[in-house]
Amino acid sequence: MSEQTLELKGSLFPLSVLSCPDLSVAALQQQLSQKLSQAPAFFYQAPIILNLTGCQQTPDFIAIKTLFVELNLVLVGVCGASNEIKQQAQQAGLAALQLGKDSKAVKTVDTTAAENSNATRQTTVVTNNVSVPMDTKIVEQTVRSGQQVYAKGTDLVIKGTVGAGAEVIADGNIHIYGTLRGKAIAGASGDTSKRIFCNNLQAELVSIAGNYWLSESLQGEFWSKAACVKLQDDQLVLADLV
Amino acid sequence: MAKIIVVTSGKGGVGKTTSSAAIGTGLALKGHKTVIIDFDIGLRNLDLIMGCERRVVYDFVNVINGEANLKQTLIKDKRTDNLFILPASQTRDKDALTKEGVERVLNELAKDFDFILCDSPAGIEAGAMMALYFADEAVVVTNPEVSSVRDSDRILGMLSSKSRRAENGQDAIKEHLLLTRYNPERVEKGEMLSVEDVKEILSIDLLGVIPESQAVLNASNSGQPVILDTDSDAGQAYLDTVERLLGEKVPFRFLTVEKKGLLKRIFGG
């Protein structure tokens with residue numbers, strides 16, 4: 001009988017980070033409800049990190065957790081908290097995370113910002129990898145047969161061609177400006193939203209988050225053409241590059 | 001400063017030794033002092049192609065082990081001035097070569113010679129890696145068929161990652177494509193990859209195209225580099241190749257099917 005083994009592995013996940021100057025339950029409820037009503041499906045059961053940068057008073061974590069459950073959100077942890085507040089959060093069963101270094105670069109997706117008269121009290125929902133985002137890996141030359149390139153936790157750009165028998169792997173998206181004749185594996189750590197873009201598709205294999213196609217499945221409309229590979233409803237689909 | 005050129009391919013039997021002998025002879029004919037080193041330890045062939053097998057006394061491994069000096073070991077070619085051969089050992093194996101030993105021999109040769117041609121063994125193991133490690137330029141010999149092209153691609157990857165230039169972060173090895181056994185008739189019938197196909201897949205500069213020719217076999221059998229057979233198409237194509245290697249602009253020949261004349265068609269010439 002084989003023994004069951006435990007496995008612990010590091011992985012990167014996109015999480016939504018919630019920043020709000022006023023963390024009282026009432027303020028959060030009002031602003032979050034308003035936000036969610038714009039796109040209820042988009043944030044349904046979304047894992048959320050609470051940004052506590054600059055927060056002086058310990059918020060009522062238990063009450064905020066309850067509020068999140070009511071709003072169909074999952075509060076997983078906090079970031080940017082002072083040591084004291086961090087301890088409180090941990091006692092409330094929340095994870096304390098390190099804020100990404102370039103949190104300035106986060107993209108605001110709040111479309112109502114301009115309309116909101118009370119700009120100082122608005123809720124900003126930002127999407128960001130909580131861990132430090134890494135620079136895209138760029139390979140200037142051709143990737144030859146037998147060579148392997150892995151872009152850990154980031155996108156991969158190949159300026160040249162990927163030869164038959166070569167492998168290019170990325171946790172993010174893969175862009176190939178030459179011909180793809182080898183294997184391309186995007187979303188290697190399981191991210192189903194990643195894609196493969198190439199200027200000429202003649203691949204031995206393409207894979208996104210573990211869903212793969214061999215070259216025989218790629219024959220047809222897009223073979224030897226510029227194409228994009230993505231995942232739709234757990235199925236790989238090919239599409240025009242432009 | 002001597003230029004070290006490796007003649008390599010990954011795949012066996014594509015014409016590395018034939019090309020080494022022809023290019024080495026061509027460089028010497030052009031007045032450059034040239035030495036060809038046989039790196040195929042244990043499968044010594046270059047001496048046969050060069051027709052000097054009876055004159056081998058010491059070999060490359062003897063020099064590396066300090067059992068003989070270069071002067072004793074180098075074989076001077078009888079037909080061509082400025083041309084020398086450093087034969088491989090037939091009794092040893094590839095592990096007899098050490099990086100330090102090879103470097104020492106190359107440094108010593110570099111004092112005297114303009115060109116050092118390294119005839120690589122097939123494969124991607126220690127012997128082939130040793131032949132390409134110190135190279136400044138590489139002639140990648142490829143036949144117009146898929147397996148040879150893939151192996152060449154593999155070797156090109158090695159050239160850009162496993163060489164001394166790559167390890168020291170110097171300028172990359174200059175890579176040249178030499179297409180051998182090219183048969184325009186079979187290309188036209190779609191039985192063989194075309195020059196354009198191979199160039200597209202490997203994306204390196206084309207140095208030469210050697211047509212498939214009986215002259216090559218004849219030359220090998222008689223121990224005379226085919227480049228000396230100036231009447232043959234292969235001999236002329238190698239001469240063009242050498243001129244391109246020396247930086248001259250020479251148009252490519254023998255790429256298309258020769259039109260048969262009326263008389264040839266009637267008499268089946």
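The values are calculated or read from the model by the stated rules, or taken from the named source; none is laboratory data. Remember, predicted model here, so these are calculated numbers, not experimental data. Neighbour counts are summed over all protein chains in view; Cβ atoms, including those assigned to glycine, are modelled from backbone coordinates with ideal geometry. With ligands, DNA and RNA removed, areas are computed over all heavy atoms of the protein, side chains included. Shrake-Rupley method; radii C 1.70, N 1.55, O 1.52, S 1.80 Å.
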Which of the residues that make up region A:201-242 are of a type in the set (Asp, Glu) and over 17 Å from A:Ile185 (Cα atoms)?
A:Glu221, A:Asp233, A:Asp240
For the condition open to solvent by 30 Å² or more (accessible area, probe 1.4 Å) and of a type in the set (Gly, Ala, Ser), what is the one hit in A:Ser207, A:Ser189?
A:Ser189
Does A:Ala203 count as within 13 Å of another protein chain (Cβ to nearest Cβ) and assigned to a loop (DSSP other than H, G, I, E, B)?
no
Leading residue by the ranking (farthest from B:Ser160 (Cα to Cα)) among those in region A:150-166 that are surrounded by fewer than 18 Cβ atoms within 10 Å (Cβ to Cβ) and within 13 Å of chain B (Cβ to nearest Cβ):
A:Lys159
Residue count, region B:234-269, condition modelled with pLDDT under 95 and assigned to a helix (DSSP H, G or I), comes to 6
Give me the pairs, please: first residue somewhere in region A:172-188 and farther than 19 Å from A:Glu216 by Cα and away from chain B (no Cβ under 14 Å), second residue anywhere and at pLDDT below 95 and open to solvent by less than 10 Å² (accessible area, probe 1.4 Å), beta-carbon distance under 6 Å, and either six or more positions apart or on two chains.
none
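Yes/no per residue for (1) aromatic (Phe, Trp, Tyr); (2) modelled with pLDDT under 75; (3) in contact with a Leu (Cβ under 8 Å, 6 or more places away or on another chain):
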{"position": "A:Ser2", "(1), (2), (3)": "no, yes, no"}
{"position": "A:Ser24", "(1), (2), (3)": "no, no, no"}
{"position": "A:Gln31", "(1), (2), (3)": "no, no, no"}
{"position": "A:Leu36", "(1), (2), (3)": "no, no, yes"}
{"position": "A:Pro40", "(1), (2), (3)": "no, yes, no"}
{"position": "A:Thr58", "(1), (2), (3)": "no, no, no"}
Identify, by number, the condition in (1) charged (D, E, K, R); (2) within 23 Å of A:Thr142 (Cα to Cα); (3) surrounded by fewer than 17 Cβ atoms within 10 Å (Cβ to Cβ) that B:Glu100 doesn't meet.
(2)
Tell me, please, whether a residue that is within 14 Å of chain A (Cβ to nearest Cβ) and either at positive phi or surrounded by 20 or more Cβ atoms within 10 Å (Cβ to Cβ) (or both) can be found in region B:185-193.
yes
Name the residues in region B:210-229 that are open to solvent by less than 80 Å² (accessible area, probe 1.4 Å) and either part of a loop (DSSP other than H, G, I, E, B) or in contact with a Gly (Cβ under 6 Å, 6 or more places away or on another chain) (or both), would you?
B:Ser213, B:Gly223, B:Gln224, B:Pro225, B:Val226, B:Ile227, B:Asp229
Would you check which residues across region B:143-161 are away from chain A (no Cβ under 11 Å) and surrounded by fewer than 22 Cβ atoms within 10 Å (Cβ to Cβ) and list them?
B:Glu145
Region B:96-205: strands (runs of 3 or more DSSP E) wholly inside it with 3 or more residues that are of a type outside the set (Val, Ile, Thr) and touching a residue at least 40 places away in the same chain (Cβ under 8 Å) are B:115-119, B:174-182
Identify, from the list A:Leu236, A:Leu180, A:Leu214, A:Leu231, the residue that is open to solvent by less than 60 Å² (accessible area, probe 1.4 Å) and within 28 Å of B:Asp197 (Cβ to Cβ).
A:Leu180
When region B:114-129 is examined, which residues are found to be within 19 Å of B:Ser19 (Cβ to Cβ) and open to solvent by 10 Å² or more (accessible area, probe 1.4 Å)?
B:Asp114, B:Phe115, B:Ala122, B:Gly123, B:Ile124
With the requirement that a residue be hydrophobic (A, V, I, L, M, F, W, C), over 18 Å from the mean Cα position of the chain (by Cα) and closer than 26 Å to A:Lys9 by Cα, what does region A:206-242 give you?
A:Val206
Can you pull out every residue in region A:47-69 that is crowded, with 17+ Cβ neighbours inside 10 Å and either among the hydrophobic types (A, V, I, L, M, F, W, C) or more than 26 Å from A:Ser82 (Cβ to Cβ) (or both)?
A:Ile48, A:Ile49, A:Leu50, A:Leu52, A:Cys55, A:Phe61, A:Ile64, A:Leu67, A:Phe68
